[in-house]
Amino acid sequence: MDTQNPSAPSRAQSRIAGKNHPHAGGLVHDHTRHTTRFTVIGNHLAQHPELSGLAIGLGVHIQSLPAGARVDIKTLAARFPEGTTRIAAALRELEAHGYLRRERRRTPAGRIVTRTISCNQPGHRRTQDHQAAPTRKKRTPGPRKPLPAVPQPAYPAPALLQRATDLLAGLHRHDPRLLLSAHDTAHLAPGVAAWLERDVGPTAVHHTLTADLPPEPLCRPAALLAHRLTAQLPAPPPFRAPAPPPTVRHPFQTCEDCDRAFRSPTPGACRDCRSTPLAAG
């Protein structure tokens with residue numbers, strides 16, 4: 001704290017005529033330096049020539065309170081023995097001499113409240129009190145980040161993509177938060193098609209996308225679904241050798257040489273009749 005004592009005389013005074021003599025009458029200070037729980041009060045308030053003693057006492061009390069404390073008339077009347085009338089008059093004194101200011105402000109909820117401002121040096125307002133409150137800049141939403149990439153099917157057949165689109169379009173029936181836009185659905189459909197292509201049924205894909213969702217609101221459900229389609233993509237099914245083509249059964253034909261029935265795609269001679277000339281030769 002400042003060691004200067006504004007109550008002390010500016011220079012030493014003579015003890016002529018018994019002034020300031022320890023045995024002379026008058027005030028003698030028995031001071032102990034405060035290190036905690038103290039408030040610096042200006043002599044312009046403590047020794048104000050025009051304020052009443054009650055106003056000075058209330059001014060000192062108010063300056064010692066922490067920010068946010070209630071200093072309305074009822075609260076002060078409950079604290080001090082003076083009634084509400086005298087306390088109200090003392091507060092008006094402090095306000096008239098600049099030690100108190102009252103401002104009406106609107107809260108974010110729309111209520112009008114009165115704020116009491118205590119000034120320890122009247123006439124020395126803070127710079128920000130003179131300046132208009134800065135207008136809060138509206139945050140313009142920037143471009144949204146693109147959705148995460150999703151797996152792609154090896155053979156994106158139109159019928160497969162349509163099944164994937166239908167599955168995504170029905171997710172909101174399970175959870176309304178999963179109502180997807182057409183753009184998000186088109187982005188996610190290849191990922192669902194990749195699952196269906198790997199022998200995963202629609203019921204299993206639906207369960208993967210809708211199970212264990214967080215309870216809080218989903219800011220971007222499409223991003224969550226894209227993550228699940230990628231992170232939980234199952235392994236491809238085991239390789240299966242293609243089945244041999246089925247045996248073709250040709251219709252019956254009548255041999256032109258021996259009138260015997262045989263199977264052939266076209267009319268003509270049977271195998272025996274075709275080989276007879278070769279054997280004879």
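The values are calculated or read from the model by the stated rules, or taken from the named source; none is laboratory data. None of the values given here were measured: they were computed from a predicted structure. When we count neighbours, we look across all protein chains shown, and the Cβ atoms used for this are built from the backbone with ideal geometry, even at glycine. Note: accessible area is taken over every heavy atom of the protein model, side chains too, but ligands, DNA and RNA are not part of it. Shrake-Rupley method; radii C 1.70, N 1.55, O 1.52, S 1.80 Å.
For ALA67 and ASP272 in the same chain, what is the full-extension length gain: residue separation times 0.36 nm, less their Cα-Cα distance, in nm? Walk me through the numbers on the way to the answer.
On the way: separation 205, 0.36 × 205 = 73.80 nm, distance 11.75 nm.
Roughly 62.0 nm would be gained on extension.
Using the Karplus relation 6.51 cos²θ - 1.76 cosθ + 1.60 with θ = phi - 60°, the per-residue 3J(HN,Hα) values for the stretch 36-47 come to 9, 6, 9, 10, 7, 10, x, 5, 5, 8, 5, 10 Hz, with x marking Gly and Pro. Using a cut-off of 13 Å between beta-carbons, work out the net charge of the residues near LEU160 (Lys and Arg +1, Asp and Glu -1, LEU160 not included). Taking every Cβ under 13 Å from that of LEU160, the sum is -1. A quarter of the convex hull surface defined by the alpha-carbon atoms of the stretch 178-281 gives 13.1 nm² as the mean projection.
Quick check: residue separation of ILE112 and LEU147 times 0.36 nm, minus the Cα distance between them. What number comes out in nm?
Details: separation 35, 0.36 × 35 = 12.60 nm, distance 4.49 nm.
Length difference between fully extended and current span is 8.1 nm.
When the residues LEU218, LEU27 are ordered by accessible surface, computed with a 1.4 Å probe over the protein chains alone, the sequence from largest down reads LEU27, LEU218. Summarising the amide proton neighbourhood of LEU100: residues at separation of 5 or more, or on other chains, whose placed amide H is nearer than 5 Å comprise GLU95, CYS119.
For GLN253, the residues whose modelled amide H falls within less than 5 Å of its own, excluding neighbours fewer than 5 places apart on the same chain, are PHE262, ARG263, SER264.
Working out 0.36 nm times the residue gap between ARG173 and HIS29, then minus their Cα-Cα distance, what length gain in nm do you get to one decimal?
Working: separation 144, 0.36 × 144 = 51.84 nm, distance 8.31 nm.
Result for the pair: 43.5 nm of gain on full extension.
Compute the signed sum of charges (Lys and Arg +1, Asp and Glu -1) over the other residues within less than 15 Å, Cβ to Cβ, of ARG92. Charge balance in the 15 Å sphere: -2. Of the peptides 167-176, 37-46, 107-116, the order by per-residue mean of other Cβ atoms within 10 Å, starting with the highest, comes out as 167-176, 37-46, 107-116. In this label model, ARG105 and ASP259 are separated by 11.9 nm, measuring between points 7 Å along each Cα→Cβ vector.
Using a cutoff of 8 angstrom between alpha carbon atoms and counting only pairs six or more residues apart, the relative contact order for the stretch 52-98 works out to 52 percent. Taking label points 7 Å from Cα along the Cα-to-Cβ direction, HIS227 and GLN162 give a separation of 3.4 nm. With R₀ set to 41 Å, the beta-carbon distance separating ALA186 from LYS74 gives a calculated FRET efficiency near 0.05. The residues packed around PRO148, meaning those with a beta-carbon under 14 Å from its beta-carbon, carry a net charge of +3 if Lys and Arg are +1 and Asp and Glu are -1.
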